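Report on one structure; see the data block that follows.
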Amino acid sequence: MAYKLIFLGSPGAGKGTIAQKLAEHLQIPHISTGDIFRSNIKNRTPLGLQVESITSSGALVPDELTIALVQDRLQQHDASTGYILDGFPRTIPQAVALDNLASIDIAINFVVPQEVVIARLSGRLTCSGCGRGYHKIDFPPKTPNVCDICGNALITRKDDTMEAIQYRLTVYEKETAPLIQYYQEKHILANLNSNQNLENVFMELLQTLQQVNK
Ligand SMILES: [Zn+2]
């Protein structure tokens, strides 16, 4: 079965991992705007060149351009029957534009208490040599602060400091609250308790999808 899905959830809610797992399970593409931007820039497409010139000046990619890129991606063959949109839409104008492009079956909102998200994000460590990711509690290295693979020191990335985390969460709340309401009013929002182990989150997600008439 193929579904057209939107994944909403704060940083650290685990939606990226679940999206990857579900994409494999359903054989549909996992589409994130970050990946679309990167691949268009890499392939030097006209839209990619626009993104590059905007982001290199430090500005945010405007909605119209993001929408054009997503539209282009959704028209590709592998997305003809279904997909998971991760990180899009991020604004109401994007959501309205998406309504004109596709008929979304369900928007999944990954719900995790903020203190859990903060604990997850603040425990992240990254190898300064090979870039491998660790976690102080969930996935610690064998020797504290040393990479299992290459032996280099583990660092906390700038994105993962407490201040940066608080900022990202505030931005997320501000951006996403209207989207949650938008999909609730369309009666296609499903809240998913993401504060449990990965297997249970995945099982609950599959049960939620089964309730959608396909
Ligand atoms: Zn390493």
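The values are calculated or read from the model by the stated rules, or taken from the named source; none is laboratory data. Quantities reported herein were computed from a predicted structural model and do not represent experimental measurements. Positions of Cβ are generated from backbone atoms using ideal geometry, with glycine treated the same way; all protein chains shown enter the neighbour counts. With ligands, DNA and RNA removed, areas are computed over all heavy atoms of the protein, side chains included. Shrake-Rupley method; radii C 1.70, N 1.55, O 1.52, S 1.80 Å.
The table below gives the values:
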item	result
Residue list for region 107-137, filter: hydrophobic (A, V, I, L, M, F, W, C) and within 18 Å of residue 178 (Cβ to Cβ)	107, 108, 110, 111
Residue 22 vs. criteria more than 19 Å from the chain's Cα centre (by Cα) and part of a helix (DSSP H, G or I)	no
Residue within region 118-132 that is under 19 Å from the mean Cα position of the chain (by Cα), within 16 Å of the ligand (Cβ to nearest atom) and more than 28 Å from residue 2 (Cα to Cα) present	yes
Residue within region 138-145 that is closer than 19 Å to residue 112 by Cα, more than 11 Å from the ligand (Cβ to nearest atom) and in a loop (DSSP other than H, G, I, E, B) present	yes
Conditions (1) away from the ligand (no atom under 16 Å from the Cβ); (2) free of Cβ contacts under 8 Å to residues at least 60 places away in the same chain; (3) surrounded by fewer than 12 Cβ atoms within 10 Å (Cβ to Cβ); number of the one not met by residue 113	(2)
Complete set of residues in region 85-104 that are closer than 25 Å to residue 198 by Cβ, open to solvent by less than 60 Å² (accessible area, probe 1.4 Å) and modelled with pLDDT under 95	86, 87, 88
Residue under evaluation residue 41, criteria (1) open to solvent by 10 Å² or more (accessible area, probe 1.4 Å); (2) outside any helix (DSSP H, G or I), criterion not met	(2)
Selection within region 161-207 - in a helix (DSSP H, G or I), open to solvent by 30 Å² or more (accessible area, probe 1.4 Å) and among the β-branched types (Val, Ile, Thr)	170, 171, 180
